[in-house]
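Since the structure comes first, as C-alpha cells, the remarks are kept for the end.
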Amino acid sequence: MQLTALQDLYAQPGPYLTVHMDVSRNTEDAPQQLDARWTSARHQLGREGVEPALVEEIGQRLKEPVAVSGEARRTIIAAGGKVVFDEVTAGHSTWPEVVTSGDLPDVSAWLHQVDGQFPFLLVVADREGADIDFFRSLTTAESVHRKVTGDDLHLHKYQGGGWSHKRFQQRSENQWESNAREVADEIRSVVGRRSPRVVILAGDDRARTAISGSLAGVQCEIAQITGGGRAAGSSSDALWDDVRLVLARLEAEDQKDLVERLEEKWGQGHGAVLGVDDVVDALVQHRVDTLIVDLQKARDITVDPTRYPGLSLPEQVRTKKELRADQVLVAAGAATDAAVAVLPAGQTKGGGVAATLRWDDKDPSRRQA
C-alpha cells in the first residue's frame, strides 16, 4: 500500500498517543469485554499524564457502534491534545492491542491489518439490473452504492407456443441484453472514476455472463462468483466467502510477484537492498520504491536517527538515539512517497527488512547514461 495516506499524520507535532483496540460486536458480551479492557487502558493513560478530556474522547470513540458485523479493530492516534487519525478496520487480527505514547505513532498494528488490501467493485446482478458497490478495501465497512434498474416489461417469458411464444421469447432475450449493457455502462463509469483493482460479478448466472461480455476493454480484472444474489433468501455469507476468496487470490499473486521482483533485482546486483542499515540509507536518498517489512521483526530492532543525516523524520525525533525500526521505516517511507508491503521474514531476505529501489547507481544502464 502507498504510505502517502499517512503524510498528514506525521505533519502533526508529537509526541503521539496510539490506541489500537478490538471493537468487535460479534458476541453478546463484546461491549462488556471492551469496557473492561478500556478501563485498564484508561488507567494507564491517566498514569502517563494524558489529559482527561482526551482520554474521555478516545473512550467515547471506542464505544461507538461500528458498521461492521464481525470482528473489527479501531486505531486512534492523538497528537497535540487532539485526535488526528481514527479508522475502523474489519476482519480478524493477530496483533496485540496497543495503548502507547511515544515520539512516533505506532501504526504497525493498523498496517498489519490493512496491508495487501485494494479497492474493488462488487456487482450483484439479476436480469433486471444490479446493485453496484465500490469498496476502498475489504477491511473498510463503508461503500459507495449504485443501483441500476432496467426494464422488466418483457423479462417473464411467454409460456404459450407458436409464433407468439417465439416473439415474446425474443423480446425477453433482447431486454436481458439491454439491461446487461446498462449495468456494464455504469460499471465502466465507476471504474473510470474509482479505479478498482477488480470487478467481482455475482448473482444470476446469465446476467453475469451478459454483463461480463459487455465489459471488454475495461482496465481491471473481471471475476465471477456463484455465491449470493439479489433474490430473496440469497446467502450474504456465501457471497462474502466467495468475495474473500477472490481478494485472497489476488493478494497472494501480488506478494508472489513482489518477492520474485526483489529476488530478481538482488540477483542482478542492483535495484534492491537488504537489511535495516542499507534500507535506511536508501530512504535518506529517497530511492525506496517499496519497503518490504516484517513488522513483528522490525519492532524488535532499533535505529539511531543521528547516524543517518537527512533521514526524513519529524523534526522532534531527529536527535533521538534509539527508535523502533518499524516506526522509523514507516515514517521515512511516508515522507518519501514509498509504498510498503508487509511480509514474513521467511518470504524475503534481509532479516525481515528489504526494499526495491526507484534507481540504483549500480545499475549498468544508469552508469552508461
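Laboratory data are not the source of any read-out in this text; all were calculated from the coordinates shown. What you see is a predicted model, and the numbers here were worked out from it, not measured in a lab. Cβ sites come from the backbone with ideal geometry, for glycine too, and all protein chains shown count toward neighbours.
Sorted by packing (mean other beta-carbon atoms within 10 Å per residue), highest first, where do 327-336, 207-216, 257-266 land? Before the final figure, lay out the partial values.
On the way: 327-336: 24.6, 207-216: 18.7, 257-266: 16.0.
Top to bottom by mean Cβ count within 10 Å: 327-336, 207-216, 257-266.
With r as the distance between the Cβ atoms of Thr94 and Ile301 and R0 = 25 Å, compute the FRET efficiency 1/(1 + (r/R0)^6) and round to 0.05.
0.80
Taking R0 as 25 Å, what's the FRET efficiency between Ala67 and Gln7 from their Cβ-Cβ distance, rounded to 0.05?
Working: r = 26 Å, r/R0 = 1.06.
That pair, Ala67 with Gln7, gives E of 0.40.
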Quote to one decimal, in nm, the extra length available between Asn26 and Arg206 on full extension: 0.36 nm per residue of separation minus the C-alpha distance between them.
61.2 nm
For Rg and Dmax of the Cα atoms in Å the list reads (i) 21.4, 67; (ii) 25.2, 88; (iii) 26.6, 86; the calculated value is entry (ii)
Once amide H atoms are placed 1.01 Å from N in the peptide plane, what residues at a sequence separation of 5 or more from Thr302, or on another chain, have their amide H within under 5 Å of its amide H?
Ala325
To test your reading of the geometry: what angle, between 0 and 90 degrees and rounded to tens, separates the Cα axis of helix 30-47 from the longest principal axis of the chain?
20 degrees
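Sort 220-231, 290-301 for me by packing, meaning the mean count of neighbouring Cβ atoms within 10 Å per residue, highest on top. Don't skip to the answer; put the middle values down first.
Numbers: 220-231: 16.7, 290-301: 21.3.
Descending mean neighbour count gives 290-301, 220-231.
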Nearest 20 debye, what's the magnitude of the dipole of the chain about its Cα centre given +1 on Lys and Arg Cβ and -1 on Asp and Glu Cβ?
640 debye
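For the chain, what number of Lys pairs, 8 or more residues apart or on separate chains, have alpha-carbon atoms under 17 Å from each other?
Details: Lys157/Lys166; Lys256/Lys265; Lys256/Lys349; Lys265/Lys349; Lys265/Lys362; Lys297/Lys349.
So the count of such lysine pairs works out to 6.
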Taking the highest mean first, how do the peptides 276-283, 20-27 order by number of other beta carbon atoms within 10 angstrom per residue?
276-283, 20-27
Taking placed amide H atoms and a strict 5 Å upper bound, the residues 5 or more places from Ala341 or on another chain that come that close are Leu291, Ile292, Val293
Each residue of region 345-351 in turn: what ³J(HN,Hα) in whole Hz from Karplus with 6.51, -1.76, 1.60 and θ = phi - 60°, glycine and Pro shown as x?
4, x, 8, 9, 8, x, x
Residue-ordered couplings for region 50-57, obtained by feeding phi - 60° into the Karplus form 6.51 cos²θ - 1.76 cosθ + 1.60 and rounding to whole Hz (Gly and Pro as x), are 6, 4, x, 5, 5, 4, 4, 5
